[in-house]
1. Whether any residue in the range 38-47 is buried (at least 16 other Cβ atoms within 10 Å of the Cβ) and in a helix (DSSP H, G or I) is what I want to check.
2. Would you point out the residue of the range 90-101, among those that are at pLDDT below 90 and of a type outside the set (Lys, Arg), that is nearest to residue 51 (Cα to Cα)?
3. Does residue 133 satisfy the criteria of being assigned by TED's automatic domain parsing to the domain that holds residue 190, surrounded by 18 or more Cβ atoms within 10 Å (Cβ to Cβ) and under 17 Å from the mean Cα position of the chain (by Cα)?
4. Give me the pairs: first residue in the range 2-19 and among the hydroxyl-bearing types (Ser, Thr, Tyr), second residue crowded, with 16+ Cβ neighbours inside 10 Å and in a helix (DSSP H, G or I), beta-carbon distance under 8 Å, and six or more apart or on different chains, which are they?
5. If I filter the range 129-156 down to residues being of a type in the set (Gly, Ala, Ser) and touching a residue at least 24 places away in the same chain (Cβ under 8 Å), which single residue comes out as nearest to residue 213 (Cα to Cα)?
6. Just checking, how many residues over the range 142-156 are more than 20 Å from residue 132 (Cα to Cα) and either in contact with a His (Cβ under 6 Å, 6 or more places away or on another chain) or in a helix (DSSP H, G or I) (or both)?
7. I need the strands (runs of 3 or more DSSP E) fully contained in the range 157-214, keeping only those with at least 1 residues that are in contact (Cβ under 8 Å) with a residue 24 or more places away in the chain and either among the aromatic types (Phe, Trp, Tyr) or under 19 Å from residue 134 (Cα atoms) (or both).
8. Consider only pairs whose beta carbons are under 6 Å apart and that are at least six residues apart or on different chains; among these, list those whose first residue lies in the range 51-76 and is surrounded by fewer than 17 Cβ atoms within 10 Å (Cβ to Cβ) and whose second residue is not in a loop (DSSP other than H, G, I, E, B).
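The values are calculated or read from the model by the stated rules, or taken from the named source; none is laboratory data. This structure is a prediction, so every number in the text was calculated from the model and none was measured. All Cβ positions, even for glycine, are placed from backbone atoms using ideal geometry, and neighbour counts span all protein chains on display.
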Amino acid sequence: MGCGRVGSTLARGLELREHTVAVIDSNPDAFRRLGPSFNGTKVTGVGFDQAVLDQAGIEKAEAFAAVSSGDNSNIIAARVARETFGIQQVVARIYDPGRAEVYQRLGITTVATVKWTADQVLRRLLPAGGEPDFRDPSGTIRLDQVRVTEHWIGQLTRTLQEQSGGRIAWIDRLGEGMLPDQETVIQEGDVLHLVMREQNADRVYTVFHAGPED
């Protein structure tokens, strides 16, 4: 539900992955964002109206995304999809972080747009290690994204892992992701995705900033 910039991008992305997609929007002009190559269903109407959802084929749907510009509409539509039609995979975009937390507890996956954007900017403003990209629900494991320093250029990834106690999940190199092995050499410009235990984070970053031991 919702054929704005997010909804249209999401619909095209799903179709590229060979999923069948139905898009609902109250404004028929919004469907222009889908482009001429879109082969999915377009339904004009209110996305929480059961008749409109029926027309879009919700009875056959495996997932539902409510990504219109209104929190109330997204919340209502997400609840109808989950509670009336039994859709298990339901995601709602919510601008209000407080409301997002409430509906998350009710079992509706929410994307709090403002908080998510602020968190992404914050992670890129703070020094490496200031705020993780991901922390598991128990708070035990964290994933951090760091740009390699000159100390580690030319060093083996296994050296960084052995000395710091962290693990390199993958490396962004020249615009592509790569999985390191025991013989991978760290290069200038690499962005490392480091996995570590929260309690060991200080040690990992001490080693990372100090450089390899001789």
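1. no
2. By that ranking, first place goes to 94.
3. Numbers: assigned by TED's automatic domain parsing to the domain that holds residue 190: yes; surrounded by 18 or more Cβ atoms within 10 Å (Cβ to Cβ): no; under 17 Å from the mean Cα position of the chain (by Cα): yes.
Here the answer is no, as residue 133 does not meet what is asked.
4. That search, which allows pairs on different chains as well, returns 8/30; 8/33; 8/34.
5. Taking the range 129-156 first, the residues of a type in the set (Gly, Ala, Ser) are 129-130, 138-139, 154.
The next check asks that each one be touching a residue at least 24 places away in the same chain (Cβ under 8 Å); those that pass are 129, 139, 154.
Details: 129: 20, 139: 30, 154: 14 Å.
Looking at residues that are of a type in the set (Gly, Ala, Ser) and touching a residue at least 24 places away in the same chain (Cβ under 8 Å), I get 154.
6. So the first thing to find is which residues in the range 142-156 are more than 20 Å from residue 132 (Cα to Cα), and the list is 150-156.
Checking the rest, the ones that are also either in contact with a His (Cβ under 6 Å, 6 or more places away or on another chain) or in a helix (DSSP H, G or I) (or both) come to 150-152.
Residues that pass the stated criteria total 3.
7. Numbers: elements: 167-173, 176-178, 191-197.
In the range 157-214, 167-173, 191-197 are the strands (runs of 3 or more DSSP E) which contain 1 or more residues that are in contact (Cβ under 8 Å) with a residue 24 or more places away in the chain and either among the aromatic types (Phe, Trp, Tyr) or under 19 Å from residue 134 (Cα atoms) (or both).
8. Listed by first residue and then by second, the contacts come to 55/43; 57/22; 63/89.
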